[in-house]
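Here the structure is laid out as structure tokens; the discussion comes afterwards.
No lab work stands behind these numbers, since they all come straight from the coordinates. Not measured: the values here are computed from a predicted model. So basically every Cβ, Gly included, is an ideal-geometry build from the backbone, and we count neighbours across all protein chains shown.
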């Protein structure tokens with residue numbers, strides 16, 4: 001079960017983002033992506049980050065091969081949804097309306113983004 005995701009430091013998020021982009025990967029592949037000129041210390045760092053993510057339920061490990069393969073057990077949208085809901089709970093009494101309204105007003109949306117939001121709202125109204 002995935003624990004509270006508010007305690008995911010940036011380094012753990014970087015590993016998750018790499019897994020989302022690359023797909024299932026070994027520690028060596030992740031290290032080479034995150035630290036192109038990496039050392040043994042970087043390898044150990046990635047290994048520790050994966051252990052933490054695994055204990056939090058964010059990644060799983062395939063131990064069937066000599067080089068273990070890790071993959072994300074949650075997708076980016078799930079993490080975004082959980083984190084936004086937690087922010088809404090803390091700042092807005094659980095309501096997403098003030099949070100979403102502020103996000104939309106604070107950044108100029110492209111025509112494509114506006115169409116996507118309208119489409120989503122239309123779908124939710126059905």
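Values as computed for the structure displayed
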item: Sum of -39500 (n - 2.57) over DSSP H runs of 4+, divided by residues of the chain (222 nm, nearest 500); result: -20000 deg cm²/dmol
item: Packing-based exposure ordering (other Cβ within 10 Å, fewest first) of 117, 27, 80; result: 80, 117, 27
item: Normalised convex hull volume, region 13-121, alpha-carbon set, Å³ per residue; result: 154 Å³
item: Label-to-label distance, nm, for residues given as residue 20 and residue 80 (7 Å Cα→Cβ offset); result: 0.7 nm
item: Prolate/oblate/rounded call for region 62-113, Cα gyration tensor, a/c under 1.5 rounded; result: oblate
item: Ranked 63, 22, criterion: other C-beta atoms within 10 Å, fewest first; result: 63, 22
item: Inter-site label distance for residue 37 and residue 103 at 7 Å from Cα along Cβ, in nm; result: 3.8 nm
item: For region 1-71: rounded, prolate or oblate by the Cα gyration tensor [a/c cutoff 1.5]; result: oblate
